[in-house]
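Below is one structure, written out as structure tokens; the observations come after it.
Taken together, the values in this text are just the output of simple stated rules run on the coordinates, not laboratory data. Everything numeric in this text was worked out from a predicted model, so none of it was measured. Cβ placement follows ideal geometry from the backbone for every residue including glycine, while neighbour counts extend to all protein chains displayed.
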Amino acid sequence: MAKRIEAKNLNIYYSKFLAVSEVNFTIAPRSVTAFIGPSGCGKSTVLRTINRMHEVIAGAHVQGDVLLDGENIYGSAVDPVDVRRTIGMVFQRPNPFPTMSIYDNVVAGLKLQSGRIKKVELDDTVEKSLRGANLWEEVKDRLGKPGAGLSGGQQQRLCIARAIAVEPQVLLMDEPCSALDPISTLAIEDLIQSLKEKYTIVIVTHNMQQAARVSERTAFFNLAGVGKPGQLVEIDDTQKIFSNPSEQRTEDYISGRFG
Amino acid sequence: MTDQESRDREHARARAEREATHGSDTPDDYANADPNGVGPIPSSSALTTPDPADATISGSGVGAFGGRGKVRIGDKVFRYLTAGAGMFVCILITLVAVFLLAKAIPSIANDKVNFFTSRTWLVSGSTLQFGIVDLLWTTVLSSVFAMLLAVPVAIGIALFITQYAPRQLARPVAFVVDLLAAIPSIVYGVFGITVFAPKLHGIIDFLNRYLGWIPLFKKQISDPGTVFAGGIILAIMILPIITAIAREVFERTPRENVEAAWALGATRWEMVRLSVLPYGKPGVISGAMLGLGRALGETIAITLILVAPPSGAPFSPSLFYGGETFASKIANAAAEFNNPTQTGAYIAAGLVLFVLTFAVNAAARIVVNRRREFS
Ligand SMILES: Nc1ncnc2c1ncn2[C@@H]1O[C@H](COP(=O)(O)OP(=O)(O)OP(=O)(O)O)[C@@H](O)[C@H]1O
Ligand SMILES: [Mg+2]
């Protein structure tokens, strides 16, 4: 059920401001792709165009196509709501619904999609998703407590559980570990490894080691120049990017960080 | 440690805890709300109100270098000014309460009937007979009715302005609603009794026909000056304040909550239900309570609209009946404030209104605080 993602000639705008220009890439199903690059080069922006989250910002719009198994999600007949139900997203800051219990947080998306569901099915999904997110053992005795009462790392895993509860085809993660301690980070990296058997995963990260650890493919983004829009410099196998990239700029960035 | 220092520490610690534990739900984050949508900004104290404790905490923390000598003169002045202002308000309220009590108690002591349960109001003769139960009922009925009408409409308008309307439309709508607050209450009263109330016959007859078996909807008088008419006018009067507060809190829904809903594939209404309404609930409740407080004390409009039933008329709980509220009773009697015992009876009524309003506001506070802890 994982799907292939293709971007074709993406130009991404905030009102008149062209933030990212001419992005083209293909992402294989059941793989992990890391987006790396300096701050402000448009990694989050590109990521958010993949599930049409970009356009919830006033004035933001996109030119070009994003194909999901060949189907253009920017086609005129496509409802962005359906796109977002197919492509899940996890944010940099954990954002569980603060007034909802852990249980209700997990099933929030499910309730939106399928209306009334039997309690047993909900219970099943909650357990399955929380196990999937590696959180079940920690919270199984307090599912009725508010989700906001968990630690940051637990909250982030709760958000992952919420995203996978609706069984999306693709999972987008925008710096999911940047607010977490090393142990929670490891837990989430392990999680990503197991999730990629079912989902196509794209992860934005500032942590090179993390990119090297979790991803098979890495895309390097950079600004085309001062005051110019961001661009995709290259996308290749992670190993190649980190050992022997085709572009000098990639090498500079990576060695600058490592050296 | 001196008192001052321990208070400073306490203050700073509470502040740090607030910022750490509550994250997006503290009022501090309201200041960080991001109307342009540039993304979530980490909670920072840079935007919060200046806090006199900030300047002194480092002083008391590194005793050897600063100690008490580091207290800046400006902070000191500021602290005394704010403390003074706070104290002034407390003293004022206490004085008002003492005044009301002092004037009311002698009259209540001379009351020949039960002050709380009697329906008579005879204060011009030589013996005092007065009870507030009718006033209390009319006051509460008209105000609660007004609040129940106004709150859903206010929420609807606020959601429309903040979530649905295009910018060009949102501004004028918000402006018009705010304008309602600028209309003097005497104008509402005159409009209500001469233009609006007479037009309600149709609705009243309709409701009476189908719901008349409920005492609340039983038509009792044909005079247009009913609690129903008064309540609707009150609802219009309290609409702006409730709308303004609802609008304010809805606008400040943290971006991350909103995006969480969007990313799950919520439609706009589902996003509102998942993120905006739960976040705004405490604010809307306190707005509703403020509106209720305003409605309880509203005087001139209600005095003009409500027709007072003849004394001795049987009690009716109906909306389609006249009556007098605390405020209108006092206003109607303003001409007879010439002997102290008689005046005391009205002041006693005012005292009950004071306590009622006070209780409503306190309840609002409690509700809001409880909600904030949970979320
Ligand atoms: N809501 C917005 N409105 C206008 N411009 C924006 C908005 N969000 C981002 N931008 C601009 O778009 C460009 C790309 O931003 P983006 O957030 O995608 O960068 P990023 O690569 O994710 O950076 P970081 O690594 O710091 O998260 C930047 O120039 C930024 O200023
Ligand atoms: Mg980013």
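Where does chain A land at 222 nm, in deg cm²/dmol rounded to the nearest 500, when only DSSP H runs of n ≥ 4 count, each adding -39500 (n - 2.57), divided by all residues? Please list the in-between numbers first.
Working: 10 runs with 98 residues, N = 259.
Helix-only estimate at 222 nm: -11000 deg cm²/dmol.
Mind jotting down the three principal axis lengths of the range B:181-285 based on Cα atoms? Whole angstrom, largest first.
The principal-axis extents, from largest down, are 56, 36, 19 Å.
Under a crude label model (7 Å from the Cα following the beta-carbon direction), how far is A:Lys145 from B:Leu101 in nanometres?
With each label placed 7 Å out from Cα toward Cβ, I get 4.5 nm.
With a cap of 12 neighbouring Cβ atoms within 10 Å, and only residues DSSP puts in a loop, list the trypsin sites (Lys or Arg not before Pro) found in the range A:1-74.
Numbers: sites: A:Lys3, A:Arg4, A:Lys8, A:Lys16, A:Arg30, A:Lys43, A:Arg48, A:Arg52; in loops: A:Lys3, A:Arg4, A:Lys16, A:Arg30, A:Arg52.
When the trypsin sites (Lys or Arg not before Pro) of the range A:1-74 are filtered for loop state and at most 12 Cβ neighbours within 10 Å, A:Lys16 remain.
Rounded to the nearest 5, what % of the DSSP beta bridges within the protein assembly as shown are antiparallel ones? Could you put the intermediate results ahead of the total?
Working: 27 of 45 bridges.
Bridges in the protein assembly as shown are about 60 percent antiparallel.
Averaged over every viewing direction, what's the projected area of the C-alpha convex hull for the range B:222-265? Give it in nm², one decimal, please. All intermediate terms of the calculation are to be shown ahead of the outcome.
On the way: hull surface 19.9 nm².
Convex hull of Cα atoms, orientation-averaged projection: 5.0 nm².
Roughly how far apart, in whole Å, are the Cα centres of the range B:212-242 and the range B:164-196?
Rounded to whole Å, the Cα centres lie 19 Å apart.
Using only Cα atoms, figure out Rg for the protein assembly as shown and give it as a multiple of 2.2 N^0.38 Å. Show your work: numbers first, answer last.
Numbers: Rg = 31.7 Å, N = 634, 2.2 N^0.38 = 25.5 Å.
It is 1.24.
Over 32 Å between Cα atoms: which of B:Lys199/B:Lys281; A:Lys8/A:Lys196; A:Lys145/A:Lys196; A:Lys198/A:Lys228; A:Lys8/A:Lys240; A:Lys3/A:Lys111 fall into that group? Walk me through the intermediate numbers first.
Details: B:Lys199/B:Lys281 35 Å; A:Lys8/A:Lys196 24 Å; A:Lys145/A:Lys196 30 Å; A:Lys198/A:Lys228 38 Å; A:Lys8/A:Lys240 23 Å; A:Lys3/A:Lys111 24 Å.
Cα-Cα > 32 Å for B:Lys199/B:Lys281; A:Lys198/A:Lys228; rest within.
Where the centroid of each part is defined by its Cα atoms, how far is the range B:307-375 from the range A:2-59 in Å?
A separation of 61 Å, based on Cα centres.
Mind giving me the FRET efficiency for B:Ile73 and B:Phe160? R0 is 60 Å, r the Cβ-Cβ distance, nearest 0.05 is fine. Show your work: numbers first, answer last.
Numbers: r = 50 Å, r/R0 = 0.83.
E between B:Ile73 and B:Phe160, to the nearest 0.05, is 0.75.
Need one number: the % of Cα-Cα pairs in the range A:187-230 sitting beyond the 17 Å mark.
Details: 394 of 946 pairs.
Counting pairs separated by more than 17 Å, the tail of P(r) holds 42 percent.
Hey, can you grab everything whose amide H is under 5 Å from the amide H of A:Met89? Only 5+ residues off in sequence or another chain; H modelled, so Pro and N-termini drop out.
Answer set, sorted by chain and number: A:Leu172.
How big is the gap, in Å, between the Cα center of the range B:87-158 and the Cα center of the range A:217-237?
Centre-to-centre distance over Cα atoms comes out at 71 Å.
Under a crude label model (7 Å from the Cα following the beta-carbon direction), how far is A:Lys118 from B:Val367 in nanometres?
So the label points at A:Lys118 and B:Val367 sit 3.9 nm apart.
Semi-axes of chain A's equivalent ellipsoid from the Cα gyration tensor, sqrt of 5 times each eigenvalue, largest first, rounded to whole Å?
Details: eigenvalues 191, 94, 51 Å².
After diagonalising the Cα gyration tensor, the semi-axes are 31, 22, 16 Å.
How long is the gain from B:Val133 to B:Thr341 if the chain were fully straight, where each residue apart is worth 0.36 nm and the alpha carbon distance is subtracted?
On the way: separation 208, 0.36 × 208 = 74.88 nm, distance 1.98 nm.
Full-extension gain reported as 72.9 nm.
What is the pair-distance distribution P(r) of the range A:42-136, computed from all Cα-Cα distances in 5 Å bins starting at 0, with each bin given as a whole percent?
Over the range A:42-136, the share of Cα pairs per 5 Å bin runs 2, 10, 18, 20, 16, 15, 12, 5, 1 percent.
Determine Rg/Rh for the range B:110-374; Rg is computed over alpha-carbon atoms and Rh is the Kirkwood hydrodynamic estimate from the same atoms.
Numbers: Rg = 21.2 Å, Rh = 20.2 Å.
My calculation puts Rg/Rh at 1.05.
Along the positive direction of the dipole of the protein assembly as shown (beta-carbon charges: Lys, Arg +1; Asp, Glu -1; about the Cα centre), which of B:Thr127, A:His61, A:Ser114 reaches farthest?
B:Thr127
Calculate log10 I(q)/I(0) of the range A:1-51 for q = 0.13, 0.14, 0.21, 0.23 Å⁻¹, where I(q) comes from the Debye formula with a single equal point scatterer on each Cα and nothing for solvent.
At q = 0.13, 0.14, 0.21, 0.23 Å⁻¹ the computed log10 ratios are -0.34, -0.39, -0.82, -0.95.
Treating the range A:62-115 as a set of equal point scatterers at the Cα positions, no solvent, please give the Debye-formula log₁₀ I(q)/I(0) at q = 0.21, 0.23, 0.29 Å⁻¹.
-0.90, -0.97, -1.20
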